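K.L.:
Pasting a structure here, questions to come.
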Amino acid sequence: MASKLGELLVKEGVITPSQLEEALEYQRTHGGRLGSILIKLGFATEEQVTSLLSRQYGYPYINLSKFELSPKVRDWIPAEIARKYLVVPIDRAGATLTVAMADPTNLYAIEELRFITGLNIQPAVASETAILEAIEKLYGSEHDIEVKEELQSITGEDFEDLYDMDDEDLEMVEEEEEADVRTLSREAEEAPVVKLVNLILRDAIKRGASDIHIEPYEKELRVRYRIDGILHPVMTPPLRFKDGIVSRIKILSHLNIAEKRLPQDGRIKMKVKKEGGGRKEVDMRVSILPTIFGEKVVIRILDREQLRLDLTQLGFEPESLEKFKKAIQRPWGMILVTGPTGSGKTNTLYSALSNLNTPEVNIMTAEDPVEFNLYGINQVHIREDIGLTFAAALRSFLRQDPNIILVGEIRDFETAEIAIKAALTGHLVLSTLHTNDAASAITRLINMGIEPFLVATSVVAIVAQRLVRRLCNKCKSPADLQPQVLIELGFNPEEAKSVNVFKPVGCNVCNNTGYKGRVGLFEVLEVTDEVQELILSGASSAEIRRKAIEQGMITLRRSGLEKIKQGITSVEEVVRETVKY
């Protein structure tokens, strides 16, 4: 189509054949539209090009500088298509959409516009400069202002300071990437959606969120943050931003923006400006999942400043902490940490490794994924797609002269068998299981196919844990509960009469939730000689639990009751996360 335009200009005597050949050579070398190149080289003016196209094809000429475009027209053609083909939607009459084009001979553009809009396309001719100005006015700054106003009206919160912050406050940490990805990133930086994505990321970090959920529905796009373990709706951006937000996040996490049918996983590294000055590095894990209304994005925020590696600060009761420290100081054996996803198991294991990490020991970990990098510890990222499973990593570890091994999760018999054999041959092995309490971990291993005598002789301690929200110290207030209610909760009659219970209220410090931060509830089961005998005799998890309680084990519920007595958490939180035995 470009050469056809050139031939028409030669035929009309606007340019010479040699000028056309020079312009085509320039186009082959540098790219671009022929009309723009002719104007740039001074061979033709915009008026000459647009006038010829208008007369030759019978298309009307529109002076866009004197034409007032309605904001609603931008809904008919996406911004990226308008910029790609240099077209501006003008008006719609029934099933026909009139568009101003710099090159109405571009039949491919007209066909794509017809496919995207589902309407008949009626071209009109306008100069390229006028179209670029109209696109900027229609999709650029006005669009940006609308985003801010709409977010403020939807959320009812003041995003002014966050929105107007310099984007240099959020610095992406570049890693090796393909050239086309860099090009896409540069193009994405020009789009108003960049402001929205930066706002979501920056605001989530500021609020201390652990996860960001971006969820498309039929008539709504919802953004939620998980703060202190609870999901909170934050905003509902306009639905038309859906594809732009997902594409922007894919570009940042180096994923395939063209793939919309399959799940994808990536990561984002960025440096964020801190309130007190300086910058901190934040790592993000990105998961994208196709749903019936589009792709859902979940971003796990891994802020190293939120990682607590001091065992005394996690929430252990003194007796439980003493048992756990005694177990991790053993030269060999297996220590298991159990609990559901998001219960803080990784933090507990990292804290244990940090306690054990000295130049005299070789520590190796197999994780899926590696959430935080720990100096002095050899960490391996599991990739099952290429055969690097937990079991394969464990086999290699045993040839690397390790003292301490961390297995991110025991999922199958093969991994469990190798881990237990490692524990029996002079290695300290730490790992996790998904069970409801400490005693259930023993029966879980046996159900996987591990012989009871191997479990009894290899496992030295099992920790079950949960996370509950801390009451906000600024606004918590005494709760008036009857002693009978406290007795049913698990307090003894003497405690029920004297304990001071607090409830959440809500203030500006805690975003009106009544809670700020989280603390762990811990149950440490020490595998004593009596417990070993129960395991060998095939006892149930209930029998093992009763024996452990007789020997002084603090259960998850009891750990919660201690936090209530100390005014750390509320009755509702403990009831939500624990059961009474």
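The values are calculated or read from the model by the stated rules, or taken from the named source; none is laboratory data. Note that this is a predicted model, so its numbers are computed, not measured. Positions of Cβ are generated from backbone atoms using ideal geometry, with glycine treated the same way; all protein chains shown enter the neighbour counts. Remember, those area values only see protein heavy atoms, side chains included, never the ligands or the DNA or RNA. Shrake-Rupley method; radii C 1.70, N 1.55, O 1.52, S 1.80 Å.
K.L.:
Computed from the mean reciprocal separation of all distinct C-alpha pairs, what Kirkwood hydrodynamic radius does region 25-93 have, in Å? Please report the intermediate quantities before stating the final value.
P.N.:
Numbers: mean 1/r = 0.0701 Å⁻¹.
Roughly 14.3 Å, rounded to one decimal.
K.L.:
Please compute the Cα-Cα pair-distance distribution of region 222-355 with 5 Å bins starting at 0, giving whole percents from short to long.
P.N.:
It works out to 2, 8, 13, 16, 16, 13, 11, 9, 6, 4, 2, 0, in whole percents.
K.L.:
How much of the DSSP beta bridge set in region 326-452 is antiparallel, as a percent to the nearest 5? It would help to have the intermediate numbers written out before the result.
P.N.:
Values: 1 of 19 bridges.
Around 5 percent antiparallel, to the nearest 5.
K.L.:
Which order do the peptides 544-551, 81-88, 497-504 come out in when sorted by mean C-beta neighbours inside 10 angstrom, highest first? Don't jump to the answer; show the numbers that get you there.
P.N.:
Numbers: 544-551: 17.8, 81-88: 20.1, 497-504: 15.4.
Ranking the peptides 544-551, 81-88, 497-504 by packing returns 81-88, 544-551, 497-504.
K.L.:
Okay, next question. Determine, from the Cβ-Cβ distance of GLU47 and ARG92 and an R0 of 25 Å, the FRET efficiency 1/(1 + (r/R0)^6), rounded to the nearest 0.05.
P.N.:
Details: r = 28 Å, r/R0 = 1.12.
That gives a FRET efficiency of 0.35.
K.L.:
Along the positive direction of the dipole of the chain (beta-carbon charges: Lys, Arg +1; Asp, Glu -1; about the Cα centre), which of PHE491, THR236, ALA439 reaches farthest?
P.N.:
Positive-end residue among those listed: PHE491.
K.L.:
Could you please state, rounded to a whole Å, how far the C-alpha centre of region 239-263 is from the C-alpha centre of region 6-51?
P.N.:
38 Å
K.L.:
Moving on to the next point. What is region 322-409's relative contact order, in percent, from Cα pairs under 8 angstrom and six or more apart in sequence? Could the numbers behind the result be given before it?
P.N.:
Details: 88 pairs, mean separation 23.2, N = 88.
Relative contact order comes out at 26 percent.
K.L.:
Just how many % of Cα pairs in region 371-488 lie over 17 Å apart, if you round to the nearest whole percent?
P.N.:
On the way: 4533 of 6903 pairs.
The proportion of pairs with Cα distances above 17 Å equals 66 percent.
K.L.:
Apply the Karplus curve 6.51 cos²θ - 1.76 cosθ + 1.60, θ = phi - 60°, to the phi angles in region 573-581 and return the couplings in whole Hz, x for Gly and Pro.
P.N.:
Values, residue by residue: 5, 5, 5, 5, 9, 9, 10, 8, 9 Hz.
K.L.:
Any idea how far the Cα center of region 503-545 sits from the one of region 277-355, in Å?
P.N.:
Cα centres, region 503-545 to region 277-355: 15 Å.
K.L.:
For region 362-420, state the average projected area of the convex hull of the C-alpha atoms over all orientations, rounded to one decimal in nm². Kindly include the intermediate steps, with their values, before the conclusion.
P.N.:
Details: hull surface 15.7 nm².
Here the figure is 3.9 nm², rounded to one decimal.
K.L.:
ASN512 versus LYS474, label points 7 Å from Cα toward the beta carbon: distance in nm?
P.N.:
If labels sit at ASN512 and LYS474, their model points lie 1.4 nm apart.
K.L.:
So for each of 311-317, 39-45 I average, over its residues, the number of other beta carbons within 10 Å; can you give me the resulting order with the highest mean first? Kindly include the intermediate steps, with their values, before the conclusion.
P.N.:
Values: 311-317: 17.9, 39-45: 15.7.
Per-residue Cβ counts within 10 Å, averaged per peptide and sorted highest first, yield 311-317, 39-45.
K.L.:
Can you list, bin by bin at 5 Å, the percent of alpha carbon pairs in region 283-380, starting at 0?
P.N.:
For region 283-380, the pair-distance distribution reads 2, 10, 18, 22, 18, 12, 7, 5, 3, 2, 1.
K.L.:
Could the peptides 120-131, 514-525 be put in order, highest first, of the mean number of other beta-carbon atoms found within 10 Å of their residues?
P.N.:
Values: 120-131: 20.4, 514-525: 23.7.
The packing order, highest mean first, is 514-525, 120-131.
K.L.:
Name the residues whose placed amide hydrogens come within less than 5 Å of the amide hydrogen of ASP228, ignoring near sequence neighbours (fewer than 5 apart) on the same chain.
P.N.:
SER210
K.L.:
In units of 2.2 N^0.38 Å, what is the alpha-carbon radius of gyration of region 421-511?
P.N.:
Values: Rg = 21.0 Å, N = 91, 2.2 N^0.38 = 12.2 Å.
For region 421-511, the normalised Cα radius of gyration comes out at 1.72.
K.L.:
Can you pull the percent of the chain's accessible area that's carbon plus sulfur, 1.4 Å probe, other chains left in place?
P.N.:
On the way: 13830 of 28260 Å².
Solvent-exposed carbon and sulfur of the chain make up 49 percent of the total.
K.L.:
Tell me, what is the percent relative contact order of the chain, built from C-alpha pairs under 8 Å that lie six or more residues apart? Write down the numbers at each step before the final one.
P.N.:
Working: 966 pairs, mean separation 49.4, N = 581.
With pairs under 8 Å counted, the relative contact order is 9 percent.
K.L.:
Are any of the pairs LYS206/LYS516; LYS323/LYS476; LYS242/LYS271 more than 23 Å apart by Cα-Cα distance, and if so, which?
P.N.:
Values: LYS206/LYS516 13 Å; LYS323/LYS476 32 Å; LYS242/LYS271 25 Å.
Over 23 Å Cα-Cα: LYS323/LYS476; LYS242/LYS271.
K.L.:
Mind checking region 221-317 for GluC sites (Glu not before Pro) that DSSP puts in a loop (not H, G, I, E or B) and that have at most 10 other Cβ atoms within 10 Å? Each step should come with its number before you reach the end.
P.N.:
Working: sites: GLU259, GLU275, GLU281, GLU295, GLU305; in loops: GLU259, GLU275.
Qualifying residues, ordered by number: GLU275.
K.L.:
Checking a compactness column here: for the chain, what do you get for Rg(Cα) / (2.2 N^0.38 Å), N being the number of residues?
P.N.:
Working: Rg = 31.9 Å, N = 581, 2.2 N^0.38 = 24.7 Å.
Output field value: 1.29.
K.L.:
Moving to a separate point now. Using Stokes-Einstein with the Kirkwood hydrodynamic radius over Cα pairs, what translational diffusion coefficient do you get for region 314-356 at 4 °C and a viscosity of 1.567 mPa s, in µm²/s rounded to a whole number?
P.N.:
Working: Rh = 11.2 Å.
Reported coefficient: 115 µm²/s.
K.L.:
Just subtract the alpha-carbon distance of LYS206 and LYS219 from 0.36 nm times their residue separation and send over the number in nm, one decimal. Write out the running numbers ahead of the final one.
P.N.:
Working: separation 13, 0.36 × 13 = 4.68 nm, distance 2.88 nm.
The LYS206-LYS219 span can extend by a further 1.8 nm.
K.L.:
Okay, next question. Exceeding 32 Å between C-alpha atoms, which entries from my cross-link table qualify? They are LYS250/LYS273; LYS66/LYS250; LYS474/LYS580; LYS345/LYS474. Please report the intermediate quantities before stating the final value.
P.N.:
On the way: LYS250/LYS273 23 Å; LYS66/LYS250 39 Å; LYS474/LYS580 30 Å; LYS345/LYS474 29 Å.
Over 32 Å Cα-Cα: LYS66/LYS250.
K.L.:
Within a Cβ distance under 12 Å of ALA130, other residues only, what is the Lys/Arg minus Asp/Glu net charge? Write out the running numbers ahead of the final one.
P.N.:
Numbers: positive: LYS66, LYS137; negative: GLU46, GLU47, GLU128, GLU133, GLU136.
Net local charge, ALA130 excluded: -3.
K.L.:
While we're here: Which parts of region 331-357 would a label at THR312 reach, counting a residue when its backbone N lies under 19 Å from a point 7 Å out along Cα-to-Cβ?
P.N.:
Residues 348-357 fall inside that zone.
K.L.:
Work out, step by step, the length gained on full extension between GLN551 and GLU409: first 0.36 nm times the residue separation, then minus their alpha carbon distance; give nm to one decimal.
P.N.:
Length gained between GLN551 and GLU409: 48.3 nm.
K.L.:
Same structure, new question: Please compute the contact order of region 30-126 in relative form: average sequence separation of alpha-carbon pairs under 8 Å and at least six residues apart, divided by the residue count, as a percent. Mind dumping the intermediate values first?
P.N.:
On the way: 107 pairs, mean separation 26.9, N = 97.
This gives 28 percent for region 30-126.
K.L.:
Mind listing the Cα extents of region 225-285 along all three principal axes, in Å, largest one first?
P.N.:
42, 26, 22
K.L.:
Quick one: work out the % antiparallel among DSSP beta bridges in the chain, nearest 5. The partial results should precede the final answer.
P.N.:
On the way: 57 of 87 bridges.
Of the beta bridges lying entirely in the chain, close to 65 percent run antiparallel.
K.L.:
Moving on. Hydropathy first: keep DSSP H helices in the chain averaging at least -1.0 on Kyte-Doolittle, then drop any whose Cα extent along the axis falls short of 27 Å, and list what survives.
P.N.:
Qualifying helices, which must be both long enough and hydrophobic enough, do not occur.
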